[in-house]
């Protein structure tokens, strides 16, 4: 199994390629993927193709979670008749809920990616 690529290793490889008048194909995208992996605590597969595939799978899972959350919220929403002052309070409450949901999604996605990588490495 190939050792994972780090952002620093990728940057050094890009600098070496540029010194020879070349560039690493898909450098910017790969760097972005590695930043996501580092943030989530996931180890790179060591190749651009492997990292791209893994990142796509993880992002699809995150999108599914967000979509499920939105469906649940839509199903639970009741549209009461609000007074003008209640609309301000409702908006403030919605803003607070969005912050909480963003924190939950971030934590959940990190957990999903960490678990996925744990199982991925166990199966490898």
Discussion item. If I go through segment 2-48 residue by residue, how many of them are outside any helix (DSSP H, G or I) and within 17 Å of residue 116 (Cα to Cα)?
Written reply: 7
Response to the item:
Within segment 49-59, the residues that are buried (at least 16 other Cβ atoms within 10 Å of the Cβ) and within 16 Å of residue 112 (Cβ to Cβ) are 54, 55, 58
Item to complete: Could you grab the pairs with beta carbons closer than 8 Å, sequence gap of 6+ or different chains, first residue in segment 27-53 and on the phi > 0 side of the Ramachandran plot and touching a residue at least 40 places away in the same chain (Cβ under 8 Å), second one surrounded by 22 or more Cβ atoms within 10 Å (Cβ to Cβ) and part of a helix (DSSP H, G or I)?
Response: 41/113
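It is to be established whether one or more residues within segment 64-78 are outside any helix (DSSP H, G or I), modelled with pLDDT under 75 and farther than 15 Å from residue 36 by Cα.
Of all residues in segment 64-78, those outside any helix (DSSP H, G or I) come to 77-78.
Of the ones still in play, those that are also modelled with pLDDT under 75 are 77-78.
Next, from what is left, pick out any that are farther than 15 Å from residue 36 by Cα: 77-78.
Checked against the condition, which is being outside any helix (DSSP H, G or I), modelled with pLDDT under 75 and farther than 15 Å from residue 36 by Cα, segment 64-78 yields at least one hit.
The values are calculated or read from the model by the stated rules, or taken from the named source; none is laboratory data. What you are looking at is a predicted structure, and each value in this text was computed from that prediction instead of being measured. Neighbour counts are summed over all protein chains in view; Cβ atoms, including those assigned to glycine, are modelled from backbone coordinates with ideal geometry.
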